[in-house]
Amino acid sequence: MRILWVSARLIGPAAKIVNSDYKGTSGGWIQTEYEALEHEKHEMFYICGTRDKTCLHKKTDSGEVFCVQLPMISNGIPASKNMIKQIQGIINRVNPDIIQLWGTETCIQDAVAACSKEIPKVVFIQGLIGIHNRYKGGYIDISNPDYKSYIPAHRKFLQKVRNVAFRGQIEIEKRIFRQCRNIILDNDFTRAYCMSVDSNLNFYERHLNANQVFRDKVWSVQNADKNSIFTVYGASPDKGLHQLIKAVSLLKNDYPTIKVYIPGPFSVDENGILKVSPKTSSLERWLSSYINQNGLQRNIAFVGSQDGAGMANLIRKCNVYVNPSCMEVHALSLREAMTVGAPCISSLCGSVAEYLENGKNGYLYRYEEYEMLAFLIRKILLSEELAEKLGRTAREDMSRYFMQSNDQPLDLIYSNIIAENNV
């Protein structure tokens, strides 16, 4: 089977083929799905978005990668005729049996969906633009009126442009769903939204699992760093990092050594402290100011970009894992932490409540109520027995979650879609 994967960024197996130095902490889910395929039966091809003006093309024994240059604004506008022509040329050259789109967030997915309508296509849901748009900005302007003062004038303009583009992508996302017809998902939250777009879409269930490196690590209270917190990478306020840091400020007096470890490519100095420069994002400027004003310099550590093994090790060492996002479809980082068996707290968002049960294998709170988040962190820090129970149950539940009988291998999903397309 000749399989063409399409993504907005050069991540996962495609990044390895071209030796990309991508600095984010995402993409692990794509690598996990790649490893689950029966490679001796397939040829792999990739179309990926890039900001590099030199469009890359590279072929190895692992597959063939075609990089397509993204425009300055890559969402909210239909794919250009030139991009559609370029991508149609790639598809003609590859001649795939099936095309899988990873997400719907850019004009690249729009272009692919419009090309070669005779070739079956399927969308593996990542984010949902139509849902994310409702929470754009993570309420930071409302809860922190001073935030706007940290946004330079030119960035305020760019932010407005991006917000308009983001809203415009909603209709493009709906068009992609309708053109592809086939959707891979793993939760009712996603199914409900997609059915609101078109109730006649074809759904295929496959759980987005934590990579093996997370299954191999086992959390224990004895090995955890006391009063430590690990969290998800958050380049934008939507990820709720500011909410977590405000919760920590409420705990600092009672827990002077409490420490939050934050992954991701933030601008930091040699001591892991945020470094403000003309290129620093508005969120980083606000975080740096809040940390300094509240004397949290010793309580917040930015640990840089991490691969899967690095993330697994940091989760294994934390006392509590917190997912403070206002919106997640899968919350894969939370699933990874639960798989390791760390005691977890999450905002009530997306599909989280479908596998995290409050008080049983973790705790839930409302995104905007950081006081409740602080209360729940305190609750876990006070009881090693509770931490062990939550973590152990989370690991057991994740194991069962991954092994549900209705889960289909990607190979079988592809075969079924191709068969349906040929009827």
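For Cα extents along the principal axes in Å, the candidate list reads (1) 154, 61, 36; (2) 55, 46, 45; (3) 65, 52, 41; the entry that matches the value derived from this model is (3).
Highest mean packing first, where packing is the average number of other Cβ atoms within 10 Å per residue, the peptides 87-94, 339-346 line up as 339-346, 87-94. Across region 332-423, C-alpha contacts under 8 Å between residues 6 or more apart give a mean separation that, scaled by the residue count, equals a relative contact order of 33 percent.
Protection proxy ranking for 317-323, 125-131, 247-253, using the average of other Cβ atoms within 10 Å per residue and placing the highest first: 317-323, 125-131, 247-253. Across region 35-173, the volume of the C-alpha convex hull divided among the residues equals 150 Å³ per residue.
Distance between the pseudo-spin-label points of Arg134 and Gln222 (7 Å out from Cα toward the beta carbon): 4.6 nm. Which residues in region 350-370 place their backbone N less than 18 Å from a point set 7 Å from the Cα of Gln293 along the Cα-to-Cβ direction? So the set is 370. When Tyr204, Tyr46 are sorted by how many other C-beta atoms sit within 10 angstrom of their C-beta, beginning with the fewest, the order is Tyr204, Tyr46. Other residues lying with their Cβ under 11 Å from the Cβ of Val268 contribute a combined charge of -2, Lys and Arg counting +1, Asp and Glu -1. In the chain, Cα pairs under 8 Å separated by at least six residues give a relative contact order of 15 percent. If the chain linking Ser196 and Lys81 were pulled fully straight, counting 0.36 nm for each residue of separation and taking away their Cα-Cα distance, it would gain 38.4 nm. For region 170-209 versus region 352-407, the inter-centroid distance based on Cα atoms is 27 Å. Straight Cα distances below 28 angstrom link Lys360 to the lysines Lys217, Lys226, Lys239, Lys246, Lys252, Lys259, Lys317, Lys379, Lys389, with same-chain residues fewer than 8 positions distant left out.
Remark: relative contact order (region 212-402) = 27 percent; criterion is Cα-Cα distance under 8 angstrom and separation of 6 or more residues.
For region 105-135, the residues whose backbone nitrogen is under 19 Å from a point 7 Å from the Cα of Glu171, taken along Cα to Cβ, are 105-114, 129-134.
Neighbour counts of C-beta atoms inside 10 Å place Trp286, Trp102 in the sequence Trp286, Trp102, starting with the fewest.
For the peptides 230-237, 288-295, 211-218, the ranking by mean Cβ contacts within 10 Å, running from highest to lowest, is 230-237, 211-218, 288-295. For trypsin sites (Lys or Arg not before Pro), the sites in region 273-310 that DSSP calls loop and that have at most 12 other Cβ atoms within 10 Å are Lys279. Considering only GluC sites (Glu not before Pro) in DSSP loops that have at most 16 other Cβ atoms within 10 Å, the longest stretch of the chain without any of them is 119-269.
Every read-out reported here was derived from the displayed coordinates using simple, explicitly stated rules and does not represent laboratory data. Since this is a predicted model, take the numbers as computed values, not measurements. FYI the Cβ positions are ideal-geometry reconstructions off the backbone, even for glycines, and counts take in every protein chain you see.
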